[in-house]
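First the structure, in the form of structure tokens, and then the observations on it.
Values in this text are rule-based calculations from the coordinates and carry no lab data. Quick caveat, the model's predicted, so the values are computed rather than measured. We place every Cβ from the backbone using ideal geometry, glycine too, and count neighbours over all the protein chains shown.
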């Protein structure tokens with residue numbers, strides 16, 4: 001299936017909805033919940049929401065787990081090379097990489113992010129200003145810490161904040 005990034009006429013709607021929304025990643029280890037940063041990374045937030053609502057992430061795995069660093073998922077190929085078929089322009093900000101920070105993975109090209117994202121297991125300030133931070137976990141740290149390589153994202157949904 002082909003996926004398209006959010007179009008100009010969709011962006012404002014996603015950004016507005018993101019202000020009162022959160023993402024829920026359901027895993028066999030428990031739920032990981034994070035809120036969005038639509039003002040700092042509007043296109044990345046909108047792209048994540050659009051992919052989640054299309055069911056893109058459902059059934060994908062966390063293909064990379066680096067202890068005390070990050071868990072990474074969102075690759076339809078399951079090996080770190082796949083994506084949605086498009087790339088996003090970087091939206092770097094002053095937001096720090098702290099435990100529970102959600103950011104888009106990319107190749108050496110800053111404008112190569114697509115669907116792969118990572119969640120920091122610990123502070124990783126050396127990544128600051130080099131990757132697009134688009135969310136911050138609000139709950140599910142026990143589940144995050146239990147994630148192992150190959151664990152599945154049963155579902156990824158966007159819901160009202162506090163649900």
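Computed extension gain for residue 53 through residue 39, at 0.36 nm per residue and net of the alpha carbon distance, reaches 3.0 nm.
Between residue 161 and residue 31, 0.36 nm times their residue separation minus their Cα-Cα distance comes to what?
Stretched out fully, the residue 161 to residue 31 stretch lengthens by 45.4 nm.
Cα gyration tensor of the chain, axes a ≥ b ≥ c as square roots of the eigenvalues: rounded (a/c below 1.5), prolate (a/b > b/c) or oblate? Judged from the Cα gyration tensor, the chain comes out rounded (a/c under 1.5). Sorted on the mean count of surrounding Cβ atoms within 10 Å across their residues, most packed first, peptides 44-51, 127-134, 102-109 read 44-51, 127-134, 102-109. With Cα atoms defining each centre, region 38-94 and region 145-159 are spaced 12 Å apart in the structure.
When the helices of the chain are scored as -39500 (n - 2.57) per DSSP H run of n ≥ 4 and the total is divided over every residue, the value at 222 nm lands at -5000 deg cm²/dmol. Kirkwood radius and radius of gyration were both taken over the C-alpha atoms of region 38-125, and their ratio Rg/Rh is 0.93. For region 131-163, the residues whose backbone nitrogen is under 15 Å from a point 7 Å from the Cα of residue 20, taken along Cα to Cβ, are 159-163. Short-range pairs are left out: with C-alpha atoms under 8 Å and at least six residues apart, the relative contact order of region 11-160 is 36 percent.
For the peptides 18-24, 83-89, the ranking by packing is 18-24, 83-89, with the highest mean count of neighbouring Cβ atoms within 10 Å listed first.
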